[in-house]
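Readers should treat all values here as calculations from the given coordinates under stated rules, not as data from a laboratory. As the structure is a computational prediction, the values presented were derived from the model and not from experiment. Positions of Cβ are generated from backbone atoms using ideal geometry, with glycine treated the same way; all protein chains shown enter the neighbour counts.
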Amino acid sequence: MKSFYLFISLLFVVSTKAQEVVPLYNGKILNSKPVPDKEQTFNDGILIISKVSVPTLTLYKPKKQSPKKTAVIICPGGGYEFLAAGHEGSDVATALNDMGVTAIILKYRLPSDSTMIDKTIGPLQDLQQAVKTVREKAKEWDIDPNNIGVMGFSAGGHLAASGVTQYKRELIDNPKHTSLRPDFSILLYPVISFTDSLTHMGSRNNLIGKNPSEELIKQYSNELQVTPDTPPAFLVHSADDGAVPIQNSIAYYEALLKNGVYGEMLLYPQGEHGFGLNNKSTDDKWIDNLKNWMKTMKFL
C-alpha cells in the first residue's frame, strides 16, 4: 500500500511538471492545531488529495505571458472533503497557461475539527492568504496586481465565491492592508448557497457542521452576500447536475445583475457534475468561451 501511495505521489509531481510549490504561510499556520500531517494522495479514477492540513501554492508560469500579466488562483472541488487535484487543478492550470495566464493552484486546508480551531473559516482564510500572497509577490512573479482572479469548481466554487463576496471580512493577518478583493471570479458548477433548497449538503456539513445556525447558513450563502463591489464572474453549469443544482449559478447571476455587476453565464443542457475541462455532452469548450470573456473584460 505504501508503494502505491508513493507511485501516485510521484505521478502527481510529474503531472504538475515540477512547478514551483511554496508554503502558503510563513511559519505558523493560522487557526491550526499542532497535530501530525496526515495528507494522502491517491487515484480513484481521478487524482485526489485528502486530509489537507498544510496549505500550499503551486505556481504555473506560461511559456508566453499575456501582456495583461493576469493570474488565476485555482480552487479544486471535492465537497470540502478532498481536492480533485488533476482535472480541476493541474489540467486547468495548463489550459490557462496556454492562454498566457499565470495559474496558481491553491491546496487549501480541508475543514476538520481535529486540525483546526474553527473549521468554518479555515478554507476562506487560505484563499484570503493566497490572494494576499499573490498580490504582494506580483512583481516577483511578473503579475499585474490588478488582474488577479479566482477560479473554483463545485465546493471550490463555493470557496471562490466566498472569496469575492466576503473579502472585507478579513480572517488573516494583513499588516500591509493588502487588498483581499480578487478582480474577477470563474465559477464552475459551483456550490453557491447553503440554504436547504439549493445547497450540496455534503459541502455544507463538512464546512459548518450538520446543525449550523441560521447565521452561519446565511453567511455562507453567497448569493445573499453580493454587493455592487462584488467582482464580475464567469459561470458554467449544466442543467442535469444532480449534485449541485443549476439554480446555484442562476441565483448568483441574478444577485450580480441586481447589484449592477455584469458577468457571463454558460448553461449546458447536459454534462452532469464534475466534468472539469471537458463536458462530454457537447463539442463546445467552455475554456474558449472563458478566453473570449476575459478578452472582453480586458483581462487578456
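Overview of results
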item: Members of segment 43-52 found to be surrounded by 13 or more Cβ atoms within 10 Å (Cβ to Cβ) and either closer than 16 Å to Gly122 by Cα or not β-branched (Val, Ile, Thr) (or both), listed by number; result: Asn43, Leu47, Ser50, Lys51, Val52
item: Number of positions in segment 247-267 that are assigned to a loop (DSSP other than H, G, I, E, B) and under 18 Å from the mean Cα position of the chain (by Cα); result: 1
item: Test result for Asp288, assigned to a loop (DSSP other than H, G, I, E, B), of a type outside the set (Ser, Thr, Tyr) and out of contact with any strand residue (DSSP E or B) (no Cβ under 6 Å at 6 or more places or on another chain); result: no
item: Which listed residue is under 13 Å from Gly156 (Cα atoms), surrounded by 18 or more Cβ atoms within 10 Å (Cβ to Cβ) and touching a helix residue (DSSP H, G or I) at 6+ places or on another chain (Cβ under 9 Å), from Pro55, Pro123; result: Pro123
item: Pick from segment 148-179, criterion among the β-branched types (Val, Ile, Thr) and over 14 Å from the mean Cα position of the chain (by Cα), ranking: farthest from Ala85 (Cα to Cα); result: Thr178
item: Lone unmet requirement of (1) assigned to a strand (DSSP E or B); (2) over 19 Å from Arg181 (Cβ atoms) for Ala93; result: (1)
item: Qualifying residues in segment 17-42 (those that are within 20 Å of Gly86 (Cβ to Cβ) and without any contact (Cβ under 8 Å) to a residue 24 or more places away in the chain) - the one surrounded by the most Cβ atoms within 10 Å (Cβ to Cβ); result: Glu39
item: Residue in segment 249-264 that is closer than 24 Å to Ala103 by Cα and crowded, with 20+ Cβ neighbours inside 10 Å present; result: yes
item: Filtered residues of segment 166-222 (kept if among the β-branched types (Val, Ile, Thr), more than 25 Å from Lys68 (Cβ to Cβ) and either in a loop (DSSP other than H, G, I, E, B) or touching a residue at least 60 places away in the same chain (Cβ under 8 Å) (or both)); result: Ile172, Val191, Ile192, Thr195, Thr199, Ile208
item: Checklist (1) touching a strand residue (DSSP E or B) at 6+ places or on another chain (Cβ under 7 Å); (2) closer than 18 Å to Tyr80 by Cα; (3) aromatic (Phe, Trp, Tyr) applied to Phe234, failing item; result: (2)
item: Index of the failed condition, Lys210 passing every other in (1) surrounded by 23 or more Cβ atoms within 10 Å (Cβ to Cβ); (2) under 27 Å from Val52 (Cα atoms); result: (1)
item: Matching option when the condition is in a loop (DSSP other than H, G, I, E, B), under 16 Å from the mean Cα position of the chain (by Cα) and among the small types (Gly, Ala, Ser), among Gly45, Gly78; result: Gly78
item: Matching option when the condition is more than 24 Å from Thr115 (Cβ to Cβ), in contact (Cβ under 8 Å) with a residue 12 or more places away in the chain and crowded, with 23+ Cβ neighbours inside 10 Å, among Leu96, Leu83; result: Leu96
item: Matching residues in segment 237-276 - criterion: being of a type in the set (A, V, I, L, M, F, W, C) and in contact with a strand residue (DSSP E or B) (Cβ under 7 Å, 6 or more places away or on another chain); result: Ala239, Ile246, Leu256, Met265, Leu266, Leu267
item: Residue list for segment 99-114, filter: surrounded by fewer than 24 Cβ atoms within 10 Å (Cβ to Cβ) and farther than 30 Å from Val35 by Cα; result: Met99, Gly100
item: Filter result for Ile105 (touching a strand residue (DSSP E or B) at 6+ places or on another chain (Cβ under 6 Å) and not in a strand (DSSP E or B)); result: no
item: Among residues of segment 145-165, those that are more than 15 Å from Ile74 (Cα to Cα), in contact (Cβ under 8 Å) with a residue 24 or more places away in the chain and assigned to a loop (DSSP other than H, G, I, E, B), counted; result: 1
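Per-residue answers, yes or no, for (1) surrounded by fewer than 18 Cβ atoms within 10 Å (Cβ to Cβ); (2) over 19 Å from Met99 (Cα atoms):
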site	(1), (2)
Ser221	no, yes
Phe275	no, yes
Ser281	yes, yes
Asn292	yes, no
Phe299	no, no
